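I have placed the structure first, in the form of structure tokens, so that the comments after it can refer back to it.
What follows draws every value from the coordinates through simple rules; no lab data is involved. In this text, all values refer to a predicted model and were calculated from it rather than measured experimentally. Ideal geometry is used to build each Cβ from the backbone, glycine not excepted, and the neighbour counts take in all protein chains shown.
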Amino acid sequence: MSVLKDRFALVTGGSRGIGRAIAELFAKVGATVFICGRKQYALDQVVQDNAMLPGRLIPIQCNVTRLEELEAMVDTIHREVGALDVLVNNAATNLVSGYALDLGEAEFDRAVETNLKSVYRLTRLVAPEMCKRGSGSIINIAAVAGIKPEPVNLLYSMTKAAVIMMTKCYALELAPRGVRVNAIAPGLVQTEMSGYIWKDEHRLAEHLRLQPVRHLGQPEEVAEIALMLASERASFVTGQTFIVDGGLLLA
Ligand SMILES: NC(=O)c1ccc[n+]([C@@H]2O[C@H](COP(=O)([O-])OP(=O)(O)OC[C@H]3O[C@@H](n4cnc5c(N)ncnc54)[C@H](OP(=O)(O)O)[C@@H]3O)[C@@H](O)[C@H]2O)c1
């Protein structure tokens, strides 16, 4: 299967978890995938672990909260390969949780900068070249917390809800110019970010009791949906949010 052969993708937060699984799956089906994150060694490790795939992984150190780093990264990519075919806005933080009335302006700004403004900035940097060429797929990783409020997680839920609406707004405007924009809203997936839940035996058991599909979500299960959205198989799909949560929101 080589559905992304000769395609170029950028996956933010591609050094671990869901971003890594997406980048690896894209490279497995032939894509050249730029992966970014703050730690160069973590990116290099992913490249080293995947040297034998049909596609290529290319590391670029970049903190998505810094405009100048985003601009430099996208400049490099455009110079090397031209317009991207796929952008996956995946990097995010949930470290700014806490009771709503205890959250200060610094936490608010940090959550918005990382989870929301980075998506807005990267879309503005990448989409114009896609529009000029008349094709592209942008995939924003949201969360079920952006659909149903998560307890003690105002900033995460709020920013992810905004990502879902941003997805719809961009989709509406960019579709006539050949660019599709969709979101994925994962439930609990086994990564470093969610370790505080799944590493706690009791919390995990309670979660799985409520989740109709009884296994802990895996990054690869999210990556499969990203691949579908990235490829021409989803040519008639835009503005949608795909809930990948083992049925959690139904329960
Ligand atoms: N895991 C879940 O249960 C779950 C559920 C719903 C939604 N999601 C969403 O899925 C996405 C991926 O989450 P994950 O669970 O895979 O997280 P993760 O395991 O913590 O990985 C996060 C990735 O993002 C990078 N990153 C974080 N801050 C960054 C920054 N400022 N600039 C550049 N890169 C940055 C990290 O690398 P560095 O640390 O090296 O920068 C890492 O590669 C996020 O949008 C998250 O909100 C996850």
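General observations
- Label sites at GLU206 and LEU249, each approximated as a point 7 angstrom past Cα along Cα to Cβ, lie 2.3 nm apart.
- Label-point gap, in nm, between SER235 and LYS132 - each point 7 angstrom along Cα→Cβ: 2.5
- Mean ellipticity per residue at 222 nm, deg cm²/dmol - from DSSP H runs of n ≥ 4 across the chain, formula -39500 (n - 2.57): -13000 deg cm²/dmol
- Computed E for LEU103/HIS78 - FRET, C-beta separation, R0 35 angstrom, nearest 0.05: 0.40
- Sparse packing (at most 14 other Cβ atoms within 10 Å of the Cβ) combined with a DSSP loop state is found for the following chymotrypsin sites (Phe, Trp or Tyr not before Pro) in the stretch 160-251: PHE236.
- Principal-axis tilt of helix 67-81 within the chain, Cα atoms, nearest 10 degrees: 40
- The stretch 236-251 - phi-based ³J(HN,Hα) in whole Hz, Karplus 6.51/-1.76/1.60, Gly and Pro as x: 10, 10, 8, x, 9, 10, 8, 7, 10, 9, x, x, 3, 5, 7, 7
- Karplus-derived 3J(HN,Hα), 6.51/-1.76/1.60, for each residue of the stretch 128-141, Hz, glycine and proline x: x, 5, 5, 4, 4, 7, x, 7, x, 9, 10, 10, 9, 8
- Mean projection area, nm², convex hull over Cα of the stretch 3-79: 4.7
- Helix 219-230 vs. the chain, principal-axis angle (Cα, 0 to 90°, nearest 10): 40
- You can think of it this way: the chain between GLU69 and ILE197 has 42.9 nm of extra reach, that is 0.36 nm per residue less the Cα-Cα gap.
- The stretch 219-245 residues near the modelled MET1 label - backbone nitrogen below 20 Å, point 7 Å along Cα→Cβ: 219-237, 242-245
- Between the helical axis of 17-28 and the longest alpha-carbon principal axis of the chain there is an angle of about 30 degrees.
- Against the empirical curve 2.2 N^0.38 Å, the C-alpha radius of gyration of the chain lands at a ratio of 0.96.
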